[in-house]
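Structure, as structure tokens:
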Amino acid sequence: MDFYYLPVSAPCRSVIMTAKALGVELNKKLLQISKRENLKPEFLKINPQHCIPTLVDGDLTLWESRAIMVYLVEKYGKQDDPLYPSCPKKRALINQRLHFDLGTLHTSFANYFYPKFFTKKPIGPEVYKKLEAALEFLDIFLSESKYVAGDTMTLADFAILATVSTIEVASVDLSKYPNISRWYNEIGETAPGADENRAGVLEYKKYI
């Protein structure tokens, strides 16, 4: 199972944590976006959108991290796997949190940080306020349960852990969010693949 990735990428790290939790071995293939390796003809044949992470499992080629995570559990997880259980209500909550990460949390961080980093242009305070609002929402979610989507660790925790750890090394103060801090201090050490996630985050920090 080939896995095209960069360790600094939060979406790539969330897939790695999922695979680790399932005991699935990934044949990791480093793809240097900075060297435009994702635009080489041989990779464009695999993924015309030329994005990472990308998974190749036999005759299936799949990209978008959350789709990959769900696929891995559905194919390689145990029956009614707690990472993505069969109960429609539990699964719906996990899906909502995954979409929250994609559309709100990770997006608000990217909108705030990436222009500042890549263009060196000042970012208006309203952009940072959107990131703060996203973190406040997450803090509310975590006031209601031990984990992001209930009282057991799920795929949503892996996706949001990858994002939150990236936010933290970008010097965003998480201490004013007590529920995030409680969850992060625990899962940052205990999640399957937490060590690899941390290594990727520290590599990311070198760039910023």
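The values are calculated or read from the model by the stated rules, or taken from the named source; none is laboratory data. Just so we're clear, the structure is a prediction, and the values are computed from it rather than from any experiment. Cβ coordinates were reconstructed from backbone atoms using ideal geometry, including for glycine residues, and neighbour counts include every protein chain displayed. The area values use the complete protein model at the heavy-atom level, side chains included, leaving out ligands, DNA and RNA. Shrake-Rupley method; radii C 1.70, N 1.55, O 1.52, S 1.80 Å.
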Table column - 3J(HN,Hα) (Hz), the range 86-92, Karplus curve with 6.51, -1.76, 1.60, x for Gly and Pro
6, 4, x, 5, 5, 5, 4
Which percent of the accessible heavy-atom area of the chain goes to carbon and sulfur, probe 1.4 angstrom?
54
Residues with amide H under 5 Å of residue 29's amide H, sequence separation 5 or more or different chain, H placed in the peptide plane at 1.01 Å from N; which?
3, 4, 5
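In Å², and per residue, what accessible area does the chain have when probed at 1.4 Å with the other protein chains present? Write down the numbers at each step before the final one.
Numbers: 10560 Å² over 208 residues.
Solvent-accessible surface per residue comes out at 51 Å².
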Which value in nm describes the separation of the simple spin-label points at residue 25 and residue 205, placed 7 Å from the Cα toward the beta carbon?
3.2
How large is ³J(HN,Hα) for each residue in the range 6-12, as worked out from phi by the Karplus curve 6.51 cos²θ - 1.76 cosθ + 1.60 (θ = phi - 60°), to whole Hz, x for Gly and Pro?
9, x, 6, 7, 4, x, 5
For residue 147, what residues show an amide H to amide H distance below 5 Å, using hydrogens built from the backbone and excluding near sequence neighbours?
152
Cα-Cα pairs above 24 Å in the range 88-206: how many percent?
24
Using each residue's phi in the range 123-139, evaluate 6.51 cos²θ - 1.76 cosθ + 1.60 at θ = phi - 60° and report the 3J(HN,Hα) Karplus result to the nearest Hz, with x for Gly and Pro.
10, x, x, 5, 5, 5, 4, 5, 5, 4, 5, 5, 5, 5, 4, 4, 4
If you stretched the chain out fully between residue 40 and residue 198, how much longer would it get, using 0.36 nm times the residue separation minus the C-alpha to C-alpha distance?
53.9 nm
At R0 = 41 Å, how high is the FRET efficiency between residue 136 and residue 76 if r is their beta carbon distance? Nearest 0.05 is fine.
0.70
So how much accessible area does residue 12 have, in Å² to the nearest 10, using a 1.4 Å probe?
0
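Show me the trypsin sites (Lys or Arg not before Pro) within the range 117-199 that DSSP assigns to loop and that have at most 12 other Cβ atoms within 10 Å of their Cβ. Provide the component values of the computation, followed by the final result.
On the way: sites: 120, 129, 130, 146, 176, 182, 198; in loops: 120, 146, 176.
Within the range 117-199, the qualifying trypsin sites (Lys or Arg not before Pro) (loop, at most 12 other Cβ atoms within 10 Å) are 120, 176.
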Once the Cα gyration tensor of the range 1-129 is found, what semi-axes does its equivalent ellipsoid get, as square roots of 5 times the eigenvalues, in whole Å, sorted largest first?
27, 23, 11
5 Å is the cut-off here: which amide hydrogens, built 1.01 Å from N in the peptide plane, fall below it relative to residue 57, excluding neighbours closer than 5 in sequence?
62
So for R0 = 45 Å, FRET eff. of residue 152-residue 123 from the Cβ-Cβ r, to 0.05, ends up at 0.75
Rounded to the nearest 10 Å², what accessible area does residue 173 have for a 1.4 Å probe in the complete protein model?
80
Sequence of 177, 114 when ordered by accessible area, the most exposed leading, probe 1.4 angstrom:
114, 177
